[in-house]
Amino acid sequence: RGIYRNYLLVRPLGLPILFAPVDPYGTAWQIICRTCPFLKRFRWARVIQETWSWQVDDRDHRALGESFVVVSPVRNLIYTSDKVAINWVLTKRREFFKPDVYENLEFFGRNVDTVNGEDWSRHRKLTAPCFNERVSGFVWDEALRQARSMLSHWLSQPNGKISNMVDDTRVIALHVLTAAGFGISHDFLGGARNPAPGHKLSHRDALMTILDNLITSIILSNTKWLERYRIVLPQRVQHIFLALREFSQYMDEMLASERKILADSQGASKPNLITTLIRTSDDAQTEGIKSAVRLTDDEIKGNIFIFNLAGHDTTANTLAYAFALLAVYPEYQTWVAEEIDEVLGDQENPKYDEAFPKLKRVMAVMYEILRLYGPVPRQPRGAIPGTLLTITHPSPTSSSPTTTLPVPPHTELSLCIHACQTSPSNFPHPSAWNPKRWIAPAASLAAETFLPAPMAYAPWSAGPRICPGMKFAQVEVAAVLATVLRTSTVVPAVKGDVEVGEEQARRMLLAQIRDSSADSGPTLNLRRPEEVCVRVLAR
Ligand code: HEM
């Protein structure tokens with residue numbers, strides 16, 4: 001369209017403007033930013049690049065304003081870290097919708113994360129029962145079981161040194177998802193790591209290959225014809241094609257097996273995400289309800305995949321950050337262990353409804369991780385041209401602290417959740433990792449209260465499209481942390497045979513945590529997970 005014509009569209013908004021010579025969502029920029037790291041010095045480049053903007057917290061917003069516009073040759077983007085604007089947008093799902101870029105996640109079928117309008121209402125309604133309290137109970141039990149096995153495996157390591165901690169948290173997240181979500185229970189040390197009969201790859205390897213190569217997987221799933229020439233393709237590409245095929249086959253098998261169990265037990269089987277999806281959809285079909293209120297098999301597969309995608313790395317990374325950060329900050333580890341001792345005592349198998357609500361300090365650890373290391377630092381949104389957007393911006397003609405602007409054509413939004421969560425106007429001493437900020441102290445541990453999350457806190461998003469897996473993830477993280485910290489402590493360590501002093505190990509671990517990246521997939525990750533090392537000691 002041209003940068004000047006785009007500029008004319010947003011000039012009347014009166015917001016600060018930055019010019020970017022490239023489309024922030026274009027392939028060219030994705031290549032340029034990876035090959036030219038020096039561009040980070042330029043504000044326009046920092047603002048449009050996910051990892052660079054995460055690294056500077058809200059500093060560019062402090063310099064330019066909470067809301068500003070980036071004008072590029074292809075589109076305009078309003079970047080906002082303003083809590084009023086973010087909440088305004090997230091509560092209006094029809095006017096501010098998920099942009100086309102989400103369609104890339106439809107390679108196994110349309111799903112609740114990617115669709116808009118009436119389609120979204122249908123998907124959300126039919127997937128909502130997958131996240132009820134019964135499922136939370138299964139999540140808790142399975143997470144305890146997995147965490148106990150992981151811990152005994154950790155404690156059996158020479159010197160308690162865990163050099164594949166991130167891998168292990170990914171296994172836990174996958175096993176909890178397959179058990180509570182899909183009714184398939186695995187042992188921590190085997191299970192989804194081994195290929196099932198008739199498969200070349202294990203469920204875990206197929207999923208990990210797709211998640212670790214998400215962008216290539218998206219490209220390949222749009223160019224399936226290429227697979228016919230796989231003999232001449234590079235090994236890596238062949239492997240990704242194999243993973244896509246294998247994962248699809250795993251989902252077909254899960255569907256077939258759940259349908260059989262449902263038929264044999266006449267609907268009396270243990271509910272899980274898949275049975276719930278099948279049951280609600282098949283019930284609607286047998287009752288002759290038109291397709292508008294049920295999901296097709298492709299849509300069921302699309303949703304199963306999105307649960308894997310949205311529910312796996314998010315939770316696994318939160319657990320990995322938790323162990324690493326608690327090792328770096330032993331004072332908070334002692335603080336949280338005090339609560340675990342009081343709530344769990346010597347119970348190895350505490351009950352979900354008795355223990356989970358009392359683990360307030362554990363929840364504070366999780367909330368504070370997601371404030372600084374939330375997996376989704378920014379959320380993109382499209383807007384119907386002319387839609388009104390309310391932002392905190394004093395208008396020259398009124399005394400109100402907010403102003404309402406019509407969104408111009410060819411203009412999208414980027415909701416800068418991380419910048420909002422690291423702004424000193426929303427959180428005192430925002431760059432300090434301090435879980436205590438979430439707890440109101442009291443005379444006794446039991447009387448402590450968890451402070452309500454302020455409007456500026458939205459790691460699970462907000463409004464009607466808030467993450468449906470929020471409770472699922474909270475329950476899982478609480479069960480795993482409580483199990484490990486009840487009997488053990490986690491301290492910083494260095495990979496291999498190298499031994500360094502405690503302070504140096506701590507500094508190195510903190511540097512690895514800070515070296516996080518949002519470039520390779522949809523979520524913020526530790527950039528070098530293989531380097532992250534902790535020691536687990538029985539206490
Ligand atoms: C720490 C854990 C998690 C975090 C921080 C998180 C965060 C988020 C965020 C920010 C969104 C909104 C994305 C957007 O609109 O662009 C989202 C959506 C979603 N999440 Fe999560 N998530 C977590 C765990 C889970 C789990 C465990 C599941 C499922 C098992 C899950 C399933 C979903 C789904 C299906 C959506 C799309 C909802 C819709 O658009 O209506 N998430 N999540």
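In this structure, does residue 532 turn out to be away from the ligand (no atom under 16 Å from the Cβ) and buried (at least 21 other Cβ atoms within 10 Å of the Cβ)?
yes
Are there any helices (runs of 4 or more DSSP H) wholly within the range 330-397 with 2 or more residues that are free of Cβ contacts under 8 Å to residues at least 12 places away in the same chain and not assigned by TED's automatic domain parsing to the domain that holds residue 478, and if so which?
none
Does residue 386 count as small (Gly, Ala, Ser) and within 11 Å of the ligand (Cβ to nearest atom)?
In short, no.
Among 511, 505, 446, which is more than 15 Å from the ligand (Cβ to nearest atom), in contact with a Pro (Cβ under 8 Å, 6 or more places away or on another chain) and small (Gly, Ala, Ser)?
505
So which helices (runs of 4 or more DSSP H) stay within the range 197-264 end to end and still have 1 or more residues that are farther than 18 Å from residue 107 by Cβ?
Correct list: 203-212, 235-264.
Could you give every pair whose Cβ atoms fall below 7 Å, whose first residue belongs to the range 469-484 and is assigned by TED's automatic domain parsing to the domain that holds residue 156, and whose second residue is within 13 Å of the ligand (Cβ to nearest atom) and not in a helix (DSSP H, G or I), counting only separations of at least 6 or pairs across chains?
Sorted first by the residue in the range 469-484, then by its partner, the pairs are 470/460.
Go through the range 191-227 and count every residue that is of a type in the set (Lys, Arg) and under 30 Å from residue 25 (Cβ atoms).
Residues flagged as of a type in the set (Lys, Arg) and under 30 Å from residue 25 (Cβ atoms) within the range 191-227 amount to 1.
Of the conditions (1) free of Cβ contacts under 8 Å to residues at least 60 places away in the same chain; (2) in contact with a strand residue (DSSP E or B) (Cβ under 8 Å, 6 or more places away or on another chain), residue 415 clears all except one; give me its number.
(1)
Just to be sure I understand, how many residues within the range 73-104 are surrounded by fewer than 23 Cβ atoms within 10 Å (Cβ to Cβ) and of a type outside the set (Lys, Arg)?
15
When only residues in the range 458-498 that are within 29 Å of residue 347 (Cα to Cα) and among the charged types (D, E, K, R) count, which is farthest from the ligand (Cβ to nearest atom)?
486
Which condition from (1) assigned to a strand (DSSP E or B); (2) of a type in the set (Ser, Thr, Tyr); (3) closer than 30 Å to residue 322 by Cα is the one that residue 423 breaks?
(1)
Starting from residues that are of a type in the set (Gly, Ala, Ser) and surrounded by fewer than 22 Cβ atoms within 10 Å (Cβ to Cβ), keep the ones in the range 339-381 and report whichever is nearest to residue 472 (Cα to Cα).
355
So, residue 68, is that one aromatic (Phe, Trp, Tyr) and away from the ligand (no atom under 11 Å from the Cβ) or not?
yes
Among the residues of the range 170-197 satisfying the criterion of being among the small types (Gly, Ala, Ser) and without any contact (Cβ under 8 Å) to a residue 40 or more places away in the chain, which is farthest from the ligand (Cβ to nearest atom)?
Filtering the range 170-197 for residues that are among the small types (Gly, Ala, Ser) and without any contact (Cβ under 8 Å) to a residue 40 or more places away in the chain, the one farthest from the ligand (Cβ to nearest atom) comes out as 190.
Determine if the range 433-444 includes at least one residue that is free of Cβ contacts under 8 Å to residues at least 60 places away in the same chain, surrounded by fewer than 21 Cβ atoms within 10 Å (Cβ to Cβ) and in a strand (DSSP E or B).
Yes, because at least one residue in the range 433-444 is free of Cβ contacts under 8 Å to residues at least 60 places away in the same chain, surrounded by fewer than 21 Cβ atoms within 10 Å (Cβ to Cβ) and in a strand (DSSP E or B).
Looking for whichever is in contact with a helix residue (DSSP H, G or I) (Cβ under 9 Å, 6 or more places away or on another chain) and closer than 25 Å to residue 532 by Cβ here; the options are 163, 156, 136, 152. Which one fits?
Answer to the selection: 163.
Filter the range 121-160 down to residues that are buried (at least 21 other Cβ atoms within 10 Å of the Cβ) and acidic (Asp, Glu), then give me how many there are.
Result for the range 121-160: 1.
The values are calculated or read from the model by the stated rules, or taken from the named source; none is laboratory data. Fair warning: this is a prediction, and the values are worked out from it, not measured in the lab. Glycine gets a Cβ as well: all are built from the backbone with ideal geometry, and neighbour counts include every protein chain shown.
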